[in-house]
Amino acid sequence: MLYAVGKRQIRNNAVFLAKRFTSSNPSNVDNTQTKAPSPVELVKESHFPKIDNPDLPNRDISAKAKLEKPAYEKEGFKVPAWKRAFGETFVSLFHIDMDNVRAGTISGSKYYYMCKDQGLQFTDEELSETAKFWYETLGLPRTFAMWFQITNLHVWLLFVRMRAMPFKIGKNYQQKLVDKMFKDIELRLSEEMNVLSGRIRDTYMKDFHSQMLGMIFSLDEALAQKNDDVLAAAVWRNIFNGDKNIDIVKLEAIVRYIRMQLYVLDNISDRAFGFGDFQFVGPNETVDLLSEEDKQQLLKMTKMKYEPENGKILPSHKSQLSLEE
Amino acid sequence: MSTNSYAKKIVSVLQQFPADTVKHYASFKYTQIERFCNIGGIQVPKEVKDEKAIQDKKQQVIIKLDPAKLKRMIFSETDEKPNYQNNLFNEDILKQQYKSLKNIHDNKWSKYYTISNKLIEPKGNPNYYNRLLGDVTKGGQKKEGIFTAFKTIITGRY
């Protein structure tokens, strides 16, 4: 829902941005009241020279075997009609709590795949649109550890929203997301990174776990203090590995990226978020501010989609999640 | 304006950054002040030097055998300083860096994309961020009473 509105706004914005950047008047660029440039555009304006960090491991291991995407993760996947009908009957017959089930199917599957795909890369393979931002535009090293940090950042963004859901449901969503992440990391370590010893894999996983706790703590602290200074420092430590020769424009771009995602997450209702209607805004896109009217329109559209008047709700679509908040 | 004056401006903004509430492996504020002092040819402030001395002392306690240091002692090489590549910086780059740092310090983006109380005081766990901040400001040293601890364990809420 929000995404649809976001897309439309982005398209308007793109036209506006194109106009603004082609105009020769540099005073336009400084004007903070107008539309904001996307994170990619912010970084591309920087003239910072490339300075290598000798402390940074920048050796990518080529994957032994690439994990095949499961069928349900591919685009255009549809459940056969008979399975659907059987499922609906089952849910209504046994009064299954669908909010509980949805934690696994939405948070543990859909949302995790979204986080994972942001920075996924393999040596000698072309990068996806989002991965280009992290590895090419920002110049981060193409390593497994970096992929983990990027995934972790996106997991945290979702965590912030999940905390604002009803306690029991939100906690379940968080749990499923983390479970799936570590299951996936273990699989990747053994299949792709060729770590065959279970004991060594466990040590790595413990390491990743403490990294995750540290990163989530720092970002939470930044959010609680409502201060971009703290957020920038947390990003510098966790994404840029404490690089002394940091380009501060890049730091600003990520701060902007995080704030933009939080803004979208803030404006999406529990119901739409819980049903998997959220998508991360790409780093080359920008979100316009929503007016009060837009917000009302958004609520109306959400209500129309999930609880249409005079419309039947399927047993699997029943939910306690709020449509307003 | 010259590179020196921009570096001075950057350092003065960096000095207004809050100090880390919890000690991390590196401090953004202090490392960057040192770096831009070096680039602009300004004297490093005393507080930064003190902080660095404390950090170095800590490192000495943790790493008892440092091969690089031993090698340096044996072959009496001079202490190598981090390479900031000062020659690459010009006025234009420093101006951009200053602008970005100022944007961060002025909370430009959090003001632009304001979020409501929905995320700051999440309804599933309204006290989450307050509790976190309360702990952080006390350096994580605050002890929890036995009853509140039990409540936390049983309900999972803070």
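The values are calculated or read from the model by the stated rules, or taken from the named source; none is laboratory data. Predicted model only: the values in this text are computed from it and were never measured. Quick reminder, even Gly has a Cβ in these numbers, built from the backbone with ideal geometry, and neighbours come from all protein chains shown. SASA here: full protein model, heavy atoms, side chains in, ligands and nucleic acids out. Shrake-Rupley method; radii C 1.70, N 1.55, O 1.52, S 1.80 Å.
Points worth noting:
- Heavy atoms of B:ILE42: accessible area, 1.4 Å probe, square angstrom to 10: 40 Å²
- Chains A and B together, accessible area buried on both sides, 1.4 angstrom probe, square angstrom: 5300 Å²
- Cα gyration tensor, segment A:257-325 - rounded (a/c under 1.5), prolate or oblate: prolate
- Leading residue at positive end of dipole, segment B:3-108 (Cβ point charges), from B:GLN32, B:LEU88, B:GLN43: B:GLN32
- In the context of the full protein assembly, B:ILE93 retains an accessible surface of approximately 10 Å², using a probe radius of 1.4 Å and ignoring ligands and nucleic acids.
- Taking 16 Å as the straight-line reach from the Cα of A:LYS318, the lysines in range (excluding those fewer than 8 positions away in the same chain) are A:LYS303, A:LYS305.
- Each of A:VAL178, B:VAL48 has its accessible area taken with a 1.4 Å probe; listed largest first, they run A:VAL178, B:VAL48.
- Counting only protein chain heavy atoms and rolling a 1.4 Å probe, the accessible areas of A:LYS244, A:LYS50, A:LYS183 rank, largest first, as A:LYS50, A:LYS183, A:LYS244.
- Shape category assigned to segment A:83-228 from the gyration tensor of Cα positions, a/c cut at 1.5: prolate
- Those GluC sites (Glu not before Pro) in segment A:31-115 that DSSP places in a loop and that have at most 13 other beta carbons within 10 Å: A:GLU68, A:GLU75
- Overall shape: oblate for segment B:3-108, with the ratio a/c of the largest to smallest alpha carbon gyration tensor axis at 1.5 or above and b/c at least equal to a/b.
- Spacing of the two label points (7 Å from each Cα toward its C-beta) at B:ASN86 and A:ASP55, in nm: 2.1 nm
- Solvent-accessible area of A:LYS171, all protein chains in place: 90 Å² (probe radius 1.4 Å, heavy atoms, ligands and nucleic acids excluded).
- Value of relative contact order over chain A, rounded to a whole percent, pairs C-alpha under 8 Å and six or more apart: 32 percent
- Within chain A, longest stretch free of exposed chymotrypsin sites (Phe, Trp or Tyr not before Pro) [DSSP loop, at most 16 other beta carbons within 10 Å]: A:123-325
- Inter-chain Cβ neighbour average for residues B:86-98, partner chain, 10 Å: 3
- Percent accessible area from carbon and sulfur atoms, the protein assembly as shown, protein chains only, probe 1.4 Å: 54 percent
- Counting only other chain Cβ atoms within 10 Å of each residue's Cβ, the peptide A:251-257 averages 5.
- Range in chain B, longest, excluding exposed GluC sites (Glu not before Pro) [loop by DSSP; at most 15 other beta-carbon atoms within 10 Å]: B:1-76
- Accessible surface for the protein assembly as shown, divided over its residues, is 54 Å² per residue with a 1.4 Å probe.
- Reachable aspartates and glutamates from B:LYS118, criterion Cα separation under 14 angstrom, eight or more residues apart if same chain: A:ASP266, A:ASP270, A:GLU324, A:GLU325
- Listed residues A:ASP52, A:ASP270 arranged by accessible area, highest first, probe 1.4 Å: A:ASP52, A:ASP270
- Taking only the Cα atoms of the protein assembly as shown, the radius of gyration and Dmax are 24.5, 86 Å.
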